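All remarks here apply to the structure that follows.
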Amino acid sequence: MAPTIEDTFVIPSGANWKSKETKKSDDRVLTVERTLVAGAKPQADLSLKAGEEGKLNLVNEVTVTRLAPHRFEYRETLKWKGDPPKMMGNVKPEDLAEIKAALPKSLATDANARALATKSAELIFPSNVSAPAIRC
C-alpha cells in the first residue's frame with residue numbers, strides 16, 4: 001500500500017489555485033495550477049512532507065522574469081530541508097574495501113576511502129539544487 005498524495009505532499013490551495021482530479025484505472029491524477037505574473041517569487045508551492053507533523057523535507061522557490069515582450073524566464077530551485085539521508089557517514093565495510101581497491105597503493109587507507117565516500121554522498125545529496133532556467 002503506497003502513501004496517498006496528501007501523505008507525501010503539501011497540496012497548494014487558495015484563491016489563486018485551480019485543482020482537478022482525474023482517475024484512470026487505479027491511477028489518481030491531481031493537477032494543481034495557477035497563473036504567475038512576471039516578477040513573482042512564490043515559495044513552497046512544491047513541498048515534500050518529512051513524516052513528522054508540520055516538518056518538510058523539500059521545498060521549492062520560483063522566480064519568473066520578463067526577458068522581452070512574450071519572453072519569460074522561469075527558474076525553480078529545490079531546497080532540501082530535511083535531515084541528511086541515513087546513509088551519510090555509514091559506509092559499509094565492503095564498500096570501503098571496494099573504494100580502497102580502486103585507489104593507488106599510497107592512498108589506499110580507511111580514512112581516505114571514508115573521506116571519498118562522504119564527499120560523494122554530499123555531492124549526490126546537495127543541500128539545494130537549482131534547475132536550469134526555462135525560457136519561453
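The values are calculated or read from the model by the stated rules, or taken from the named source; none is laboratory data. Every value quoted in this text rests on a predicted model; they were computed, and no experiment measured them. We place every Cβ from the backbone using ideal geometry, glycine too, and count neighbours over all the protein chains shown.
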Those strands (runs of 3 or more DSSP E) completely within region 1-115 that have 2 or more residues that are of a type in the set (K, R) are 18-24, 71-80
Could you go through region 37-58 and let me know if any residue there is over 17 Å from the mean Cα position of the chain (by Cα), modelled with pLDDT under 80 and β-branched (V, I, T).
yes
If D26 satisfies all but one of (1) surrounded by 11 or more Cβ atoms within 10 Å (Cβ to Cβ); (2) out of contact with any strand residue (DSSP E or B) (no Cβ under 8 Å at 6 or more places or on another chain); (3) among the acidic types (D, E), what's the number of the condition it fails?
(1)
